[in-house]
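The values are calculated or read from the model by the stated rules, or taken from the named source; none is laboratory data. This one's a predicted model, so the numbers in the text were calculated from it and none came from an experiment. As a convention, Cβ positions derive from the backbone with ideal geometry for all residues, glycine included, and neighbour counts pool all protein chains shown.
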Amino acid sequence: MIFDQDGNTSIITQEKATIVELVKRLWGVYSKFKHNNIIVVLTSLDKVRVNDIIEFLEISNKHRGDKHSFVIVSNKIDLDNVPDEIVVVPTIQEAYDIIEMEEMERDLGF
């Protein structure tokens, strides 16, 4: 797991751990980035299933409930099958675009 910081956005890139291990590690270090927007990059994985994405649902719901963005980047999943409660996009640029839109919505009181 690689952590990068870009302003108020933490970028977490998955390298070798399984999705379940990655989610456990995220919970373990959550206090370090709980005040930032989060991008989780899964593009290094060969295959991503809907069940893999659902593993992030609890941490995503908590983070979004605290008025911060949580976006997963994966170009290896059919986005039509992903639950609406979690944000998944195919590129990092789209993740930044989502964060920008969500920040504007929060600023406007939505």
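For the range 72-110, taking the residues that are of a type in the set (S, T, N, Q) and in a helix (DSSP H, G or I), the one that is modelled with the lowest pLDDT is identified as ASN81. Identify, please: which residue in the range 9-42 is in contact with a His (Cβ under 8 Å, 6 or more places away or on another chain) and not charged (D, E, K, R) and is, among those, surrounded by the fewest Cβ atoms within 10 Å (Cβ to Cβ)? It comes out as HIS35.
May I ask you to list the residues in the range 80-110 that are surrounded by 14 or more Cβ atoms within 10 Å (Cβ to Cβ) and over 26 Å from GLU15 (Cβ atoms)?
GLU102, GLU103
For the range 68-99, residues that are over 14 Å from the mean Cα position of the chain (by Cα) and among the charged types (D, E, K, R) total 3. Whether a residue is in contact with a strand residue (DSSP E or B) (Cβ under 6 Å, 6 or more places away or on another chain), in contact (Cβ under 8 Å) with a residue 60 or more places away in the chain and not charged (D, E, K, R) was assessed, and THR13 does not pass this test.
Residues are listed down the side, and each one gets a yes or a no for (1) outside any strand (DSSP E or B); (2) among the basic types (Lys, Arg); (3) at pLDDT 95 or above:
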{"residue": "PHE3", "(1), (2), (3)": "no, no, no"}
{"residue": "VAL20", "(1), (2), (3)": "yes, no, no"}
{"residue": "LEU26", "(1), (2), (3)": "yes, no, no"}
{"residue": "VAL29", "(1), (2), (3)": "yes, no, no"}
{"residue": "ILE38", "(1), (2), (3)": "no, no, yes"}
{"residue": "THR43", "(1), (2), (3)": "yes, no, no"}
{"residue": "ASP46", "(1), (2), (3)": "yes, no, no"}
{"residue": "HIS63", "(1), (2), (3)": "yes, no, yes"}
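Scanning the range 48-61 for residues that are out of contact with any Phe, Trp or Tyr (no Cβ under 8 Å at 6 or more places or on another chain) and outside any loop (DSSP other than H, G, I, E, B) gives VAL50, ASN51, ASP52, ILE53, ILE54, LEU57, GLU58, ASN61.
Take the conditions under 18 Å from ILE11 (Cα atoms) and buried (at least 18 other Cβ atoms within 10 Å of the Cβ) and apply them to ILE77. Does it pass?
no
What number of residues within the range 61-93 satisfy the criterion of being among the polar types (S, T, N, Q) and within 16 Å of ASN51 (Cβ to Cβ)? The qualifying residues number 2.
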